[in-house]
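Asks: Can you keep this structure in mind? I'll have questions shortly.
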Amino acid sequence: MTEERRQIDIMIEKAASGPHFSGLRLECLRSPPAAPRPSSTLSDSNSPKQPFVIGVSGGTASGKTTVCDRIIQQLQDHRDSFYCGLTAEEAERVHEYNFDHPDAFDTEQLLECIETLKCGKSVQVPIYDFKNHRRCSDVSRQVNASDVIILEGILVFHDPRVRDLMNMKIFVDADADVRLARRIRRDIVERGRDINSVLEQYAKFVKPAFDDFVLPSKKYADVIIPRGAENHVAIDLIVQHIRTKLGLHDLCKIYPNVYVIQSTFQIRGMHTLIRDRDISKHDFVFYSDRLIRLVVEHGLGHLPFTEKQIVTPTGSVYSGVDFCKKLCGVSIIRSGESMENALRACCKGIKIGKILIHRVGDNGKQLIYEKLPKDISERHVLLLDPVLATGNSANHAIELLRQKGVPESRIIFLNLISAPEGIHCVCKRFPSLKIVTSEIDLSLNEEFRVIPGLGEFGDRYFGTD
């Protein structure tokens, strides 16, 4: 049985100035029962940000490793590996050892290694000697914690504890005859085995293990890649997904209901302008309106739609979608009123309600005025306020909408910038509400102002500063 059958690859992407992969391959054999594992403390507030873990599974010679190599090549990275070896007794009867059975894997060591990396700590990786089926005792490599981890192996989906560590699961699918042909070629050319031993081991261990353990785990996959590494489209999509995850703000990983519009040089340039304290009022309004329009358009993209077919001027049928009809905007006076024109420009004739909340210190809020559509409970609501700071005003407005019968899941809160404290405050209280923003800033200062922020938005926009 080839050692490659029992490998579990872990590739870690380092989010530095340029993409960087280091990796470790765990090829672990049967081990004695381990003591009960302590409960994880990764959710502690002092823990490092959690990496994005991807699992890659599939049958023998299905192309799992090649798929992972293609991902690494596109990101221009590299990998290393390590293995733990057989005991002396097992090495003497290596050809009778079933490397494809779950009992052949040291799952406890795999979990310990991944949790160490997730805690932001490096691990020492031993080097494996394929000829002697043992580790090199005097050589090891250090693998550092990273932002993306890819676990690859035939049985990585088998243990639910390992599956629970994964954010994305990929199954590499290939025809059984193709996999067998690849395995024969690989074992004869690379391992020096004869065809009879390869076929015997395939029939005795490999195929039964695939039918009993590997194929049933396919149901856990989020993405299935047919044809393996030949499927360039699927690999390109996965690479793009990895890059997208690396670019996500940490709060978007914690709260899936928080959406930050994709940053471009245009958006960064407009933020640079409106944050500049020396910009003219005219330019501040102009570039703020451009950003607000982008946020509104992005927010509208989260509304439900219905399929619709129309006939074009050429007489052709076009299958498209119809916009959500039951919609209204609600601005938090007075800064929120700066976003009304962009909403009207995008949604002709839209009804807009208003809520005025008076600040009592920094923690207390007092409702002064509200004017909302009578049928607001039947509508999807776009709540407008350009700055999410402490979240207290937003919570007060959202609670009022709920009292008026608006379901929490039908509220989309639109703003230009958000402070982490405000996102925590709103999302913990209203987990079904969506927040759409153009940037998440660093924090609040002792005066509860967003840092770096852009000052009192309403005063700057309406010229009353």
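The values are calculated or read from the model by the stated rules, or taken from the named source; none is laboratory data. All values derive from a computational prediction rather than experimental measurement. As a convention, Cβ positions derive from the backbone with ideal geometry for all residues, glycine included, and neighbour counts pool all protein chains shown.
Asks: If I ask for residues that are at pLDDT below 80, charged (D, E, K, R) and either in contact with a Gly (Cβ under 9 Å, 6 or more places away or on another chain) or in a loop (DSSP other than H, G, I, E, B) (or both), which ones from the stretch 156-193 would you list?
Replies: ARG193
Asks: Could you grab the pairs with beta carbons closer than 6 Å, sequence gap of 6+ or different chains, first residue in the stretch 226-250 and within 30 Å of ASP441 (Cβ to Cβ), second one at pLDDT 85 or above and of a type in the set (A, V, I, L, M)?
Replies: Within 6 Å, the pairs are HIS249/VAL260; HIS249/ILE440.
Asks: With respect to the numbered conditions (1) on the phi > 0 side of the Ramachandran plot; (2) surrounded by 15 or more Cβ atoms within 10 Å (Cβ to Cβ), which one is the sole condition not fulfilled by ARG293?
Replies: So ARG293 meets the others, but not (1).
Asks: Ok, one more. Within the stretch 441-458, is there a residue that is aliphatic (A, V, I, L, M), at negative phi, buried (at least 19 other Cβ atoms within 10 Å of the Cβ) and at pLDDT 95 or above?
Replies: Checking the stretch 441-458: not a single residue is aliphatic (A, V, I, L, M), at negative phi, buried (at least 19 other Cβ atoms within 10 Å of the Cβ) and at pLDDT 95 or above.
Asks: Only one residue in ARG290, ARG277 is in contact (Cβ under 8 Å) with a residue 12 or more places away in the chain, outside any helix (DSSP H, G or I) and farther than 30 Å from MET166 by Cβ, so which one is that? Working first, answer last.
Replies: Working: ARG290 fails: outside any helix (DSSP H, G or I).
Testing whether each residue is in contact (Cβ under 8 Å) with a residue 12 or more places away in the chain, outside any helix (DSSP H, G or I) and farther than 30 Å from MET166 by Cβ leaves just ARG277.
Asks: Now for a separate question. Within the stretch 158-177, which residues are over 22 Å from LYS253 (Cβ atoms) and touching a residue at least 40 places away in the same chain (Cβ under 8 Å)?
Replies: Answer for the stretch 158-177, where residues must be over 22 Å from LYS253 (Cβ atoms) and touching a residue at least 40 places away in the same chain (Cβ under 8 Å): HIS158, ASP159, PHE171, VAL172, ASP173, ALA174, ALA176.
Asks: Among all residue pairs at least 6 apart or on different chains, which show Cβ distances below 7 Å where the first residue, located in the stretch 443-465, is in the same structural domain as GLY391 (by TED's automatic domain parsing) and within 14 Å of ARG275 (Cα to Cα) and the second is part of a loop (DSSP other than H, G, I, E, B) and polar (S, T, N, Q)?
Replies: Listed by first residue and then by second, the contacts come to ILE451/ASN445.
Asks: Looking at the structure I just gave you, is HIS424 over 18 Å from ARG334 (Cβ atoms), in the same structural domain as GLY299 (by TED's automatic domain parsing) and either out of contact with any Cys (no Cβ under 6 Å at 6 or more places or on another chain) or crowded, with 20+ Cβ neighbours inside 10 Å (or both)?
Replies: On the way: over 18 Å from ARG334 (Cβ atoms): yes; in the same structural domain as GLY299 (by TED's automatic domain parsing): yes; either out of contact with any Cys (no Cβ under 6 Å at 6 or more places or on another chain) or crowded, with 20+ Cβ neighbours inside 10 Å (or both): yes.
The answer is yes for HIS424.
Matching residues to (1) in contact with a strand residue (DSSP E or B) (Cβ under 9 Å, 6 or more places away or on another chain); (2) surrounded by 12 or more Cβ atoms within 10 Å (Cβ to Cβ); (3) not aliphatic (A, V, I, L, M); (4) not assigned by TED's automatic domain parsing to the domain that holds ILE398:
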{"site": "GLU297", "(1), (2), (3), (4)": "no, yes, yes, no"}
{"site": "HIS302", "(1), (2), (3), (4)": "yes, yes, yes, no"}
{"site": "ALA345", "(1), (2), (3), (4)": "no, yes, no, no"}
{"site": "GLY349", "(1), (2), (3), (4)": "no, no, yes, no"}
{"site": "ILE355", "(1), (2), (3), (4)": "yes, yes, no, no"}
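Asks: Check whether at least one residue in the stretch 364-373 is modelled with pLDDT of 90 or more, surrounded by fewer than 20 Cβ atoms within 10 Å (Cβ to Cβ), more than 27 Å from the chain's Cα centre (by Cα) and not acidic (Asp, Glu), and report yes or no.
Replies: The initial filter retains those residues of the stretch 364-373 that are modelled with pLDDT of 90 or more, namely 371-373.
If we keep only those that are surrounded by fewer than 20 Cβ atoms within 10 Å (Cβ to Cβ) too, we end up with 371, 373.
In the following step, the residues that additionally are more than 27 Å from the chain's Cα centre (by Cα) were identified as 371, 373.
Filter once more, so that each one left must be not acidic (Asp, Glu): 371, 373.
Yes, the stretch 364-373 contains a residue that is modelled with pLDDT of 90 or more, surrounded by fewer than 20 Cβ atoms within 10 Å (Cβ to Cβ), more than 27 Å from the chain's Cα centre (by Cα) and not acidic (Asp, Glu).
Asks: Given the conditions (1) assigned to a helix (DSSP H, G or I); (2) over 22 Å from the mean Cα position of the chain (by Cα); (3) modelled with pLDDT under 90; (4) surrounded by fewer than 15 Cβ atoms within 10 Å (Cβ to Cβ), report the number of the one that GLN240 does not fulfil.
Replies: Against the list (1) assigned to a helix (DSSP H, G or I); (2) over 22 Å from the mean Cα position of the chain (by Cα); (3) modelled with pLDDT under 90; (4) surrounded by fewer than 15 Cβ atoms within 10 Å (Cβ to Cβ), GLN240 comes up short only on (2).
Asks: Could you tell me whether any residue of the stretch 258-265 is modelled with pLDDT of 85 or more, part of a helix (DSSP H, G or I) and in the same structural domain as ASP173 (by TED's automatic domain parsing)?
Replies: No, the stretch 258-265 contains no residue that is modelled with pLDDT of 85 or more, part of a helix (DSSP H, G or I) and in the same structural domain as ASP173 (by TED's automatic domain parsing).
Asks: Could you list all residues from the stretch 427-437 that are crowded, with 23+ Cβ neighbours inside 10 Å and either in contact with a Cys (Cβ under 9 Å, 6 or more places away or on another chain) or among the polar types (S, T, N, Q) (or both)?
Replies: LEU433, ILE435, THR437
Asks: If you don't mind, there's one more thing I want to ask. If only one of LYS428, LYS404, LYS434 is charged (D, E, K, R) and in contact with a helix residue (DSSP H, G or I) (Cβ under 7 Å, 6 or more places away or on another chain), which one is it?
Replies: Unique residue meeting the criteria: LYS404.
Asks: Given the criteria among the small types (Gly, Ala, Ser) and surrounded by 12 or more Cβ atoms within 10 Å (Cβ to Cβ), does ALA181 qualify?
Replies: Answer is yes for this residue.
Asks: Can I ask one more? What's the number of the condition ALA234 fails, among (1) part of a helix (DSSP H, G or I); (2) outside the structural domain of PRO51 (by TED's automatic domain parsing)?
Replies: (2)
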